[in-house]
Amino acid sequence: MNISLSYQSCNLCPRNCKVNRTAGQVGFCGGSHEIKAARAALHMWEEPCISGIRGSGTIFFSGCSLKCCFCQNSSISQDLTGKTITVRQLADIMLDLQEQGAHNINLVTGSHYLPSLLSALDLIRHRLLIPVVYNCGGYESIEAVRAMKGYIDVFLPDLKYYDSALSAKYSKAPDYFFHAFKAIEAMISQTGKPVFHQEVSEGQSISLIQKGVIVRHMVLPGCKEDSKKIISMLSSLLPDHSFLISLMSQYTPYRPMEQFPELNRKITSYEYNQVVDFALESGLTEGYMQKKTSAREEYTPPFNLEGLPDN
């Protein structure tokens with residue numbers, strides 16, 4: 001593990017808060033030096049190459065280095081719903097998910113607990129036989145990505161915005177694109193081109209990703225031009241066939257937002273199709289798109305402490 005990453009003078013994300021989380025101080029993410037999680041269970045609603053047939057062994061962590069006003073997981077990312085667990089317990093949870101038949105271990109929004117996540121993986125390095133997925137909002141530092149070398153097989157970052165005004169307005173991160181794009185470049189450099197494994201499960205042949213990067217982008221209401229700028233950057237600046245793209249239509253306003261009334265609606269088919277068509281025209285033909293039926297609240301799982309230890 002890279003010892004330059006520290007809870008004592010926290011530098012785990014680009015905000016670089018420098019607070020001492022071991023002494024009870026709290027940075028932007030809201031996390032202490034103790035791991036806090038809200039759910040650990042098989043999850044069927046990721047990209048097909050991750051969820052497969054049996055599901056992705058998904059662990060949702062509490063807190064977040066972004067403050068997206070539209071976050072569908074705000075009860076854990078901002079309200080910090082969850083339960084404190086130890087490094088040993090986290091390692092055991094991963095092994096239990098593997099025993100349940102998970103195709104992979106899926107660490108969701110764990111950036112602010114990175115030293116602990118890597119320590120947990122160290123404990124089970126020779127017992128965990130399935131890929132580890134790092135599922136994040138994209139707002140990562142280069143140092144954090146480098147620290148994950150040898151630990152993470154698949155990176156699943158968001159690339160939410162190109163325009164700094166949008167990222168400042170909706171996620172309180174004006175430098176979002178600068179850091180997210182550099183992090184994605186580093187992730188691709190680390191994993192190489194996507195690698196898949198064909199598996200027969202329950203009578204079906206499925207293609208499961210074993211290594212690589214999938215870049216997610218969720219189209220927001222009224223922001224299709226920003227989405228096109230993101231696509232232009234991906235297609236022009238990243239090597240061909242070096243990643244998959246996942247264009248998401250699932251934006252769902254989970255509660256009325258008086259401050260941002262423009263976000264109080266789902267995206268239209270026209271908006272989404274415009275972005276998809278632009279991606280195809282730009283040569284981004286490897287990846288996934290969603291049906292409009294994905295924009296439903298029930299796709300957000302219950303954060304009811306499922307799969308977490310009783311004590």
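The values are calculated or read from the model by the stated rules, or taken from the named source; none is laboratory data. All values derive from a computational prediction rather than experimental measurement. No Cβ is skipped: glycine too gets one built from the backbone with ideal geometry, and neighbour counts run over all protein chains shown. Just the protein is used for accessible areas: all its heavy atoms, side chains included, with ligands, DNA and RNA removed. Shrake-Rupley method; radii C 1.70, N 1.55, O 1.52, S 1.80 Å.
Remarks
- Tally of residues being surrounded by fewer than 21 Cβ atoms within 10 Å (Cβ to Cβ) and of a type in the set (D, E, K, R) across the stretch 212-224: 1
- Look at the stretch 225-239: where a residue is open to solvent by less than 40 Å² (accessible area, probe 1.4 Å) and a partner is assigned to a helix (DSSP H, G or I) and of a type in the set (Asp, Glu), sitting 6+ places away or on another chain with Cβ atoms under 8 Å, you get Leu238/Glu185.
- Any hit, the stretch 190-209, residues being part of a helix (DSSP H, G or I) and either of a type outside the set (Gly, Ala, Ser) or at pLDDT below 95 (or both): yes
- Scanning the stretch 160-197 for residues that are of a type in the set (S, T, N, Q) and exposed (fewer than 15 other Cβ atoms within 10 Å of the Cβ), we see that the one that is farthest from the chain's Cα centre (by Cα) is Ser164.
- Only residues that are modelled with pLDDT under 90, open to solvent by 30 Å² or more (accessible area, probe 1.4 Å) and not in a helix (DSSP H, G or I) were counted across the stretch 263-301, and they come to 4.
- Among the residues examined, Leu107 qualifies as open to solvent by less than 10 Å² (accessible area, probe 1.4 Å), within 30 Å of Tyr170 (Cα to Cα) and touching a helix residue (DSSP H, G or I) at 6+ places or on another chain (Cβ under 7 Å).
Residues are listed down the side, and each one gets a yes or a no for (1) out of contact with any strand residue (DSSP E or B) (no Cβ under 6 Å at 6 or more places or on another chain); (2) surrounded by 16 or more Cβ atoms within 10 Å (Cβ to Cβ):
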| position | (1), (2) |
| --- | --- |
| Gln8 | yes, no |
| His33 | yes, yes |
| Ala41 | yes, yes |
| Ile53 | no, yes |
| Cys64 | yes, yes |
| Phe70 | yes, yes |
| Asn73 | yes, yes |
| Gln89 | yes, yes |
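- Close pairs (7 angstrom Cβ cut-off, 6 or more residues apart or separate chains): touching a residue at least 40 places away in the same chain (Cβ under 8 Å) in the stretch 243-267, among the charged types (D, E, K, R) and in a loop (DSSP other than H, G, I, E, B) anywhere: Leu244/Glu286; Ser246/Glu47; Tyr251/Lys266; Thr252/Lys266; Thr252/Arg296; Pro253/Arg265
- Subset of the stretch 248-262 (residues that are among the acidic types (Asp, Glu) and not in a loop (DSSP other than H, G, I, E, B)): Glu262
- When the strands (runs of 3 or more DSSP E) confined to the stretch 1-86 are screened for residues that are under 28 Å from Leu263 (Cβ atoms), those reaching at least 3 such residues are found at 35-43, 56-61.
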